[in-house]
Amino acid sequence: MKSDVLIIGGGLMGACTALYLAKRGVKSIVLDKDHSGRHASGVNAGGLRKLNRNPAEIPLTVEASRIWSHIQELVDSDCDVKLSGQVRVAESDADMELLETRAALVRELGYEHEQMINRDKLYELVPALAPHCLGALWCEDDGFARPYHATTAFRRKAESLGADFHSHTALNALEREGDNWLASTHMGEIRAPVVVNASGAWGARLASTIGDQIPVKPGAPTLMVTERLPHFIDPVVGAASRKLSFKQMQNGTVIIGGAHMARLDMVNERSEIDYRTMAESARTVTTLFPQMADARIVRFWAGIEGFTPDHIPVIGPSINAPGLFHAFGFSAHGFQLSPVVGRILSELILDGQSSLPIEPFRADRFPTG
Amino acid sequence: MFKRLEENPTETVMVEIEGTSVRVPAGESVAAVALAHGLIHTRTTTISGKPRAPYCMMGVCFDCLVEIDGKPNRQACMIKVAEGMRIRRQHGAGE
Amino acid sequence: MKSHYPLVIIGAGPAGLAAATTASEHGIETALLDEQPAPGGQIYRNIESMPTQRAELLGSEYQRGEKLVQLMRSSNTHYFSDASVWSLNGQLELGVLHQGRAHLIHADQVIIAGGAQERPVPFPGWTLPGVMNAGAGQILLKQSGLVPSDGVVLAGSGPLLLLLAWQYLNAGVDVKAVLDVQPMSNWLRAAPYLPKALLAHHYITKGLRYKRDLKAAGVLTRHGVKDLRAIGGGHVQAVDYIHRNKLYSIKTPLLLTHFGVIPQTHLSRAASCAHEWNTAQQCWRPVNDVWGATDIKGISVAGDNAGIGGARTAEHNGRLAAFNAIHQMGHISQGERDKKAKKDLRWMKDELLIRPFLDAMFRPPSIMLTHPTDEEILCRCEEVTAGDIRKVLEEGHQTPNAVKFHTRCGMGPCQGRQCADSVAQLIAYETGTNPRDIEPYRVRPPVKPITIGQLAGMEQNSEE
Ligand SMILES: Cc1cc2nc3c(=O)[nH]c(=O)nc-3n(C[C@H](O)[C@H](O)[C@H](O)COP(=O)(O)OP(=O)(O)OC[C@H]3O[C@@H](n4cnc5c(N)ncnc54)[C@H](O)[C@@H]3O)c2cc1C
Ligand code: FES
C-alpha cells in the first residue's frame with residue numbers, strides 16, 4: 001500500500017490531522033493498534049477549556065475555541081458541544097491572589113478570555129456551590145463536548161473525504177527506504193513519504209524506534225461519573241487549590257475528574273483505580289457541592305495518556321528523522337486543542353510551517369541524558 | 001397485586017408511602033412494602049417517562065429506584081424500611 | 001471490619017457458607033461478606049427468621065439451609081451482613097460498603113461466591129409494571145410472605161418456574177397458567193444425556209412431582225409456547241401467546257417470567273479474571289478449574305458464580321474452593337487437600353452427569369435470545385431498543401463496547417447486567433459470529449452502588 005501520509009494513532013490528533021489533510025486533497029492512511037477513540041480520545045472528560053492554560057498554549061487554545069464554536073461546519077456534527085463556561089473558584093484569600101495574578105498575566109499577554117468575577121457573580125453562575133467561595137476566574141465561552149462522539153465525528157468526516165482508517169492494525173516496524181518511510185503491519189507494507197506520530201501514550205516508544213528520545217511517560221488519569229441527576233449546574237467547575245473538574249452533562253450525569261492517577265500496568269494496558277485518591281476527589285466534591293454526597297457513582301474509569309515533564313505537548317518535526325512529525329504528550333488536556341493540532345500538522349506537512357507559534361512544543365526541548 | 005400470607009407481624013414500623021402512613025413489618029425491603037401497599041409503578045424513566053416497578057428484587061436491575069426521605073435513586077429492593085421513612089415514587093431523575 | 005483478612009469470601013449463599021465454615025474449622029481467619037441482611041443467599045434467603053407456616057410452603061429443600069447457616073454461625077467466621085463488595089482488583093484489594101460505610105480491605109485469598117442472577121430475556125412488554133422475574137416473586141415470598149393477590153401467570157423455562165408455581169399452589173394462589181417456552185426440540189437435544197442423567201435422578205423426580213401436583217390442581221400448563229407478550233399501558237393487563245399456531249390471551253395483573261439463571265460476573269470481571277462463553281448454558285462464566293481457581297492468583301469462584309450448578313453443588317464447590325485456599329496459604333499439603341476433598345470431588349463428578357441434560361432441557365428458545373424485534377427494549381436503564389442497536393451495527397460498530405459508546409446501552413445504573421448477554425447475542429446473530437468470539441462489555445467499578453459521600457468518608461474508616 002502507498003499513501004501521501006501515514007498517521008500512527010487514530011485518536012483525536014490522528015483523526016484531525018487526517019481530516020485537515022483530506023480537506024486539502026491529501027490522502028492519508030491512519031493506523032490504530034486498537035481502534036479510534038479506544039484510549040484517551042474517547043474516554044476523556046470532554047472539557048473545552050481555555051482557562052488557566054500554560055501561556056505557550058494560549059494562541060492554540062484560542063484558535064481551537066473558535067473552531068469548536070463552529071464545529072458543525074467542520075465535521076457535520078455538533079459533537080454535543082455546550083459552551084456554558086468554566087470557572088476556577090477561590091476558597092481563600094490566597095486563592096484569590098493566585099487567580100488575580102493569573103488574570104493579570106493573561107491580560108499582559110494580550111488576551112481577554114480569563115476574567116475575575118466576584119462572589120455575587122459566581123453564585124449567580126453556580127448557585128449550587130457551597131457558600132464559602134470568594135470569587136473565581138471565569139472563561140465565558142469555555143464548555144465541554146462528548147469525546148467519543150467528537151472522535152467519531154472527526155474520523156467519519158475524514159473518511160468521507162478519503163482518509164483510510166485501519167483499526168486493530170499495529171505498526172510493527174518503521175524504517176527509511178530512500179525518500180519513503182516503510183511501515184510493516186499485519187496487513188502488509190505501507191510506503192509513505194511522510195509519517196505522523198500521533199500515538200498518544202505510546203508516542204515516546206514509537207519516537208525512540210526512529211532515534212528520537214523524548215521523555216514522555218504514560219499515565220492514567222481517573223474519572224468518575226454519577227447516575228443521572230436533575231439539571232443543577234451549567235458551567236464546568238474547577239478550583240484554584242484543589243484537583244477538580246466537575247461538570248454536568250446534557251443527560252444529567254456528572255463527570256468528576258481532576259488528574260488523580262490510577263496505577264498503570266503498561267504491559268497489559270490495564271489500570272487499577274486508586275480508591276484513596278478517589279476518596280480525596282469525593283471529599284473535594286462534597287466540600288464544594290455538599291448535596292452531591294447522596295449521588296451514586298456509576299463508574300470509575302481511567303484512560304491512558306502521555307505526560308511530558310513540562311506538561312505541554314510535543315508538536316513538530318522529528319529531532320533526527322526527515323519526513324516525520326510528532327503530536328503527542330498532551331498531558332491530559334489535549335481534547336480542546338485537537339482540531340488546531342490537526343490543522344498545524346497539515347500545515348507543517350504541506351506548507352513547511354505552522355500558522356501558529358509552536359516553538360515551545362519542539363521535540364528537542366528536553367535536556368538529554 | 002400482592003397480599004400478605006400472615007397477618008399480625010410481631011415487630012412493625014410506621015412509614016409513609018406516597019403521603020399515606022402505613023404500618024409495615026420491620027425488616028422488609030422498601031420495594032416489598034411498596035408492592036404490598038399496591039403501588040403499581042414505583043418510578044417513571046428518565047428518558048421516555050414510562051412507568052416502571054421492581055423487577056428482580058435482588059439488586060441487579062435498578063428498576064426499583066425510588067425517593068426515600070427526599071433523596072432520589074434509592075434502590076428500594078436493597079433497603080430496609082425504617083421508622084418514619086418517607087417513600088415516594090421517583091419521577092425521571094428525581095425532583 | 002479489619003483492613004486485612006487471610007481469606008475473604010463474598011456471598012453467604014450455600015457456596016459461601018460452606019466455604020467459610022470449612023476454612024474457619026481449619027483455623028483460617030475468614031471474613032464472610034454479604035449484602036443481604038442475613039445469611040442464606042438467594043435460595044435460603046431469610047432462613048433464620050422464617051415463620052414456620054411460610055417455611056412449610058417452601059418445601060423441604062429450603063429447610064436444608066438452616067443447618068448450613070447454623071454451622072457457619074457456630075464457627076469462628078467473621079460474618080458481615082449488609083456488606084456489599086463494590087470493587088475487587090487483581091491485587092486482592094476489596095472495596096466494601098458495610099452498613100453504609102466504605103472500607104478498603106486486603107486479602108491473601110478471595111473466594112467469589114456471589115451467586116447468579118436471572119437471565120434477562122427481552123420480550124414485548126417486559127418492562128411493564130406487573131412483569132417481574134419469577135425469582136423476584138420467590139424473594140417476596142421468602143422475605144416478606146407476599147403472594148399474588150389476584151392471580152398470576154408464570155412463563156419461561158427452567159426448574160424455578162415449576163417450583164414457584166408449586167409453592168404458590170401450596171399457598172392457595174390462583175395460578176392462571178404456566179407457559180413453558182422451551183421448544184419441543186429441547187427434548188431431542190436433551191435425550192442423549194438422559195441415561196446418564198437418570199443416575200442422578202433426584203433432580204428429575206422432584207420436577208415430575210411438581211408437575212403432577214400442578215396437573216392435579218387443574219393448573220393450565222402449556223408447552224412449546226411462542227411469541228410471549230405482556231400487554232398493557234401503565235401496567236400489564238394480559239399475556240398473549242401462541243400455542244400450536246393459535247393466539248391466546250389471558251387476563252392477569254401479574255406475569256412472572258424465568259429463563260434460567262446466569263453467573264454474576266461483575267466482580268470476577270472487575271478483577272480481570274478470564275471469562276468464556278458457555279454454549280450449553282448460553283452465558284459467560286469465569287474460567288475456573290475443579291477447585292474454582294481462576295487465572296488470577298488468589299482469586300477463586302464457587303457456587304453459581306462459577307457456573308450454574310444449583311444449591312447442592314454450590315456447597316461442594318464452596319468446600320473445594322476453601323480446601324484449595326487453605327492449601328494455597330500453606331496450611332495443608334496438596335495430598336491432604338485432595339484427601340479432604342474426596343467426597344466433594346465425587347459429587348462434582350456426578351453433577352457432570354446430570355448438568356448437560358438440564359442445560360439442554362431448559363435452554364430458552366434461541367429465537368428469544370438472538371432476534372428481538374426492533375421495538376423491543378434491550379437496555380432497560382437507558383431504554384435502548386434492538387432497533388437502535390441494529391442501526392449502529394449497520395454503521396459498522398459491531399462490538400458490545402462500541403455499541404455501548406454509541407447508544408449508551410449498558411451505561412445506566414445496572415451497569416449492563418440486564419443487557420450484556422442479549423446485546424452480545426444480538427450482535428453475534430446479526431454479524432454471523434459466535435458469542436464466544438465477542439468481547440463483552442468492559443466492566444467498570446463500582447460493581448455495587450456507592451455514593452460520593454460514602455466514598456468521601458472511606459479513608460477515615462479504614463484507619464480505625
Ligand atoms: C432469584 C433466584 C431464585 C432462585 N430460586 C431457587 C429455588 O427456589 N430453588 C433452587 O433450587 N434454586 C434456586 N435458585 C438457584 C440457587 O439460588 C442457586 O443454585 C444456589 O443458591 C447457588 O448458591 P450460591 O452460594 O452460589 O449463590 P447465592 O445463594 O446466590 O449466594 C450468593 C450471595 O452473594 C451475595 N452477593 C453477591 N454479590 C455480592 C457483592 N458484590 N457483595 C456482597 N454480597 C454479594 C448475595 O447477596 C447472595 O447472598 C435461584 C436463583 C436465583 C437467582
Ligand atoms: S428490583 Fe431490581 S434492583 Fe431492585
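The values are calculated or read from the model by the stated rules, or taken from the named source; none is laboratory data. Keep in mind it's a predicted model, so treat the numbers as computed, not measured. All Cβ positions, glycine included, derive from the backbone under ideal geometry; neighbour counts span all protein chains shown. These area figures cover heavy atoms from the full protein model, side chains too; ligands, DNA and RNA do not enter into them. Shrake-Rupley method; radii C 1.70, N 1.55, O 1.52, S 1.80 Å.
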Residues of region C:100-125 classified as within 21 Å of the chain's Cα centre (by Cα) and more than 16 Å from ligand 2 (Cβ to nearest atom), total: 5
Pull up region C:123-151, narrow it to residues that are more than 9 Å from chain B (Cβ to nearest Cβ) and open to solvent by less than 10 Å² (accessible area, probe 1.4 Å), then point me to the one that is nearest to residue C:424 (Cα to Cα). C:123
Just a yes or no: is a residue in region B:31-39 more than 7 Å from chain C (Cβ to nearest Cβ), under 10 Å from the mean Cα position of the chain (by Cα) and within 16 Å of ligand 1 (Cβ to nearest atom)? yes
In this structure, does residue C:219 turn out to be in the same structural domain as residue C:247 (by TED's automatic domain parsing), in contact with a helix residue (DSSP H, G or I) (Cβ under 7 Å, 6 or more places away or on another chain) and of a type in the set (A, V, I, L, M, F, W, C)? yes
Run down C:144, C:81 and say which single residue is of a type in the set (Gly, Ala, Ser) and modelled with pLDDT under 95. C:144
What's the number of the only condition in (1) surrounded by fewer than 17 Cβ atoms within 10 Å (Cβ to Cβ); (2) facing another protein chain (nearest Cβ under 7 Å); (3) more than 16 Å from ligand 2 (Cβ to nearest atom) that residue B:93 fails to meet? (1)
Checklist (1) within 11 Å of chain B (Cβ to nearest Cβ); (2) touching a Lys or Arg at 6+ places or on another chain (Cβ under 7 Å); (3) at negative phi applied to residue C:162, failing item: (1)
Residue C:443 - would you say it is within 16 Å of ligand 2 (Cβ to nearest atom) and in a loop (DSSP other than H, G, I, E, B)? no
Scope region B:58-80; condition open to solvent by 10 Å² or more (accessible area, probe 1.4 Å), at the interface with chain C (Cβ under 7 Å from one of its Cβ atoms) and charged (D, E, K, R); matching residues: B:80
Go through (1) within 14 Å of chain A (Cβ to nearest Cβ); (2) more than 18 Å from residue C:9 (Cβ to Cβ); (3) open to solvent by 10 Å² or more (accessible area, probe 1.4 Å) and name the single condition residue C:84 misses. (2)
Mind telling me which of the residues C:97, C:140 ends up being within 24 Å of residue A:272 (Cα to Cα), of a type in the set (A, V, I, L, M) and under 23 Å from the mean Cα position of the chain (by Cα)? C:97
Testing residue A:231 on (1) in a loop (DSSP other than H, G, I, E, B); (2) more than 30 Å from residue A:95 (Cα to Cα), one condition comes back false. Which one is that? (2)
Suppose we filter C:188, C:254, C:267, C:214 for residues that are of a type outside the set (Lys, Arg), open to solvent by 60 Å² or more (accessible area, probe 1.4 Å) and over 17 Å from residue C:368 (Cα atoms); which single one remains? C:188
Report yes if residue B:15 is part of a strand (DSSP E or B) and either within 10 Å of another protein chain (Cβ to nearest Cβ) or buried (at least 21 other Cβ atoms within 10 Å of the Cβ) (or both), otherwise no. yes
Checking residue C:121 against (1) within 13 Å of ligand 1 (Cβ to nearest atom); (2) among the aliphatic types (A, V, I, L, M); (3) within 26 Å of residue C:371 (Cβ to Cβ): exactly one of these is not met. Which one? (1)
Filter region C:87-105 for residues that are of a type in the set (A, V, I, L, M, F, W, C) and surrounded by fewer than 16 Cβ atoms within 10 Å (Cβ to Cβ) and give the result. none
Single residue of C:23, C:31, C:55, C:12 found to be closer than 21 Å to residue C:267 by Cβ and part of a helix (DSSP H, G or I): C:23
Where in region C:362-412 are there helices (runs of 4 or more DSSP H), lying wholly inside it, with at least 1 residues that are within 14 Å of chain B (Cβ to nearest Cβ)? C:386-394, C:400-407
Scanning for something small (Gly, Ala, Ser), on the phi < 0 side of the Ramachandran plot and surrounded by fewer than 19 Cβ atoms within 10 Å (Cβ to Cβ), does region C:388-396 turn up at least one residue? no
Quickly run through region A:92-123 and pick out the residues that are more than 30 Å from residue A:23 (Cα to Cα), outside any helix (DSSP H, G or I), open to solvent by less than 40 Å² (accessible area, probe 1.4 Å) and touching a residue at least 40 places away in the same chain (Cβ under 8 Å). A:114
In contact (Cβ under 8 Å) with a residue 60 or more places away in the chain and either within 16 Å of ligand 1 (Cβ to nearest atom) or more than 13 Å from the chain's Cα centre (by Cα) (or both): does that describe residue B:59? no
If you check C:26, C:4, which single one turns out to be surrounded by fewer than 24 Cβ atoms within 10 Å (Cβ to Cβ), over 15 Å from residue C:79 (Cβ atoms) and touching a helix residue (DSSP H, G or I) at 6+ places or on another chain (Cβ under 6 Å)? C:26
Only one of C:348, C:368, C:329 is surrounded by 14 or more Cβ atoms within 10 Å (Cβ to Cβ) and over 20 Å from the mean Cα position of the chain (by Cα). Can you tell me which? C:329
Taking region B:26-57 as the search range and keeping residues that are within 12 Å of ligand 2 (Cβ to nearest atom) and of a type in the set (Gly, Ala, Ser), which one is surrounded by the fewest Cβ atoms within 10 Å (Cβ to Cβ)? B:29
